[in-house]
1. Quickly run through region 14-34 and pick out the residues that are open to solvent by less than 40 Å² (accessible area, probe 1.4 Å), in contact with a Lys or Arg (Cβ under 8 Å, 6 or more places away or on another chain) and in a loop (DSSP other than H, G, I, E, B).
2. Out of all the residues in region 40-55, is one or more touching a Lys or Arg at 6+ places or on another chain (Cβ under 8 Å), assigned to a loop (DSSP other than H, G, I, E, B) and touching a residue at least 12 places away in the same chain (Cβ under 8 Å)?
3. I'm checking my understanding of the structure. Among residues of region 35-44 that are surrounded by 10 or more Cβ atoms within 10 Å (Cβ to Cβ) and either of a type in the set (Gly, Ala, Ser) or modelled with pLDDT of 75 or more (or both), which one is nearest to residue 8 (Cα to Cα)?
4. Give the residue, chosen from 18, 1, that is under 22 Å from residue 71 (Cβ atoms), touching a helix residue (DSSP H, G or I) at 6+ places or on another chain (Cβ under 8 Å) and among the aliphatic types (A, V, I, L, M).
5. Is it true that residue 11 is modelled with pLDDT of 80 or more, assigned to a helix (DSSP H, G or I) and open to solvent by 60 Å² or more (accessible area, probe 1.4 Å)?
Amino acid sequence: MITETEFEDSRTAMRRCMRDAGFAYTAFWDGGAVAAAAPGHRTIRDVTPVSDALRECSNQFGRSIADLFRETLRDPDKTERA
């Protein structure tokens, strides 16, 4: 089971990773997210660098933790898999 603290820690790490790549990143509870050029960084004209950064950061800091946390909230007693 993933705790809310672990989930928030992964979101913080994801935002930091994206910021280090030059992008502002906001994640939503439903699993959606938005990335934009961070203040003081280049304007995004090509989505490839954003996609690359999202993939790399997500692989490191968040995809599986976020999915497991949302599953815990959706089905805490694991009744759907019984």
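1. 22
2. No - not one qualifying residue is present in region 40-55.
3. Applying the filter and picking the extreme gives 35.
4. Numbers: 18 fails: under 22 Å from residue 71 (Cβ atoms).
Result: 1 is the single residue among 18, 1 that is under 22 Å from residue 71 (Cβ atoms), touching a helix residue (DSSP H, G or I) at 6+ places or on another chain (Cβ under 8 Å) and among the aliphatic types (A, V, I, L, M).
5. no
The values are calculated or read from the model by the stated rules, or taken from the named source; none is laboratory data. Treat the numbers as computed from the prediction; the structure is a model and nothing was measured. All Cβ positions, even for glycine, are placed from backbone atoms using ideal geometry, and neighbour counts span all protein chains on display. Note: areas computed on protein heavy atoms with side chains; ligands, DNA, RNA excluded. Shrake-Rupley method; radii C 1.70, N 1.55, O 1.52, S 1.80 Å.
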